[in-house]
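Below is one structure, written out as structure tokens; the observations come after it.
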Amino acid sequence: MLHGPVSAQPALLVQPRYSFFVDTERSVEILVSLSSPSSANTSLDTNAYKSGRPQTWDFELQLQGSRGRVASGHVELDAGVQTVNIELNHVEAKLEPYELVMRASPRGNGGQSYTSTTELYYLPAKTSGSMVKIDNLHGGMLVANNVTNFAFEPLLPFGFYTSCSGYLNYSLANVSAYKDMGFNAINPVCMHMTIVAGDC
């Protein structure tokens, strides 16, 4: 049962597809969604909420430092997460995050608009070592290093723990043999034991 006027705010989500992007990526994906207020709110019947709100909402995305909007479109209430592409051609890569703002309003009735913000990391690409980022849509990791020519590729870590001194330090041939067996990750255990006088 609905008690009084509908006043709860819908849940507006905006989030980068990945935990960060690098300056070799000029077009990137953003996740957006719009959900009815939680049914845990006992003073609100979500069916009544949806019947009193348009199912289609218009939105726009604005990125700090960019002129005007970087994307726009529409999102359906409770339709799940959708992806939106934005261009970063005129955005400078830096270590500090950019603020990404999403504004959404119900289509056709001039109703109140809602705002949600998040951080977008757009970093200088590395040319040595490795870069690993998380997929916020499907989960999992992507890795880029000299083996992948610094292109991001999915990685499912598969390996075991081993001693630094008892295996890794002996020869690089051990690491190569490990890789040839199909393993792509290793957890080195570097232990240092200290004997205190009186314990012997």
Checklist entry - Just for strands (runs of 3 or more DSSP E) wholly inside region 131-186: which have at least 1 residues that are surrounded by 14 or more Cβ atoms within 10 Å (Cβ to Cβ) and at pLDDT 90 or above? => result 131-134, 141-144
Checklist entry - Only one residue in PRO97, PRO10 is at pLDDT 95 or above, of a type outside the set (D, E, K, R) and surrounded by 15 or more Cβ atoms within 10 Å (Cβ to Cβ), so which one is that? => result PRO97
Next on the checklist: Restricting to region 48-89, and then to whatever is aromatic (Phe, Trp, Tyr) and modelled with pLDDT of 85 or more, can you tell me which residue is nearest to ARG17 (Cα to Cα)?
Outcome noted: PHE59
Checklist entry - Which condition breaks for ASN89 when tested against (1) part of a strand (DSSP E or B); (2) closer than 18 Å to GLU25 by Cβ? => result (1)
Checklist outcome for this item: For TYR114, the lone unmet condition from (1) in the same structural domain as GLU87 (by TED's automatic domain parsing); (2) surrounded by fewer than 16 Cβ atoms within 10 Å (Cβ to Cβ) is (2)
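The values are calculated or read from the model by the stated rules, or taken from the named source; none is laboratory data. Since the structure is predicted, the reported quantities are computational estimates derived from the model, not experimental observations. Quick reminder, even Gly has a Cβ in these numbers, built from the backbone with ideal geometry, and neighbours come from all protein chains shown.
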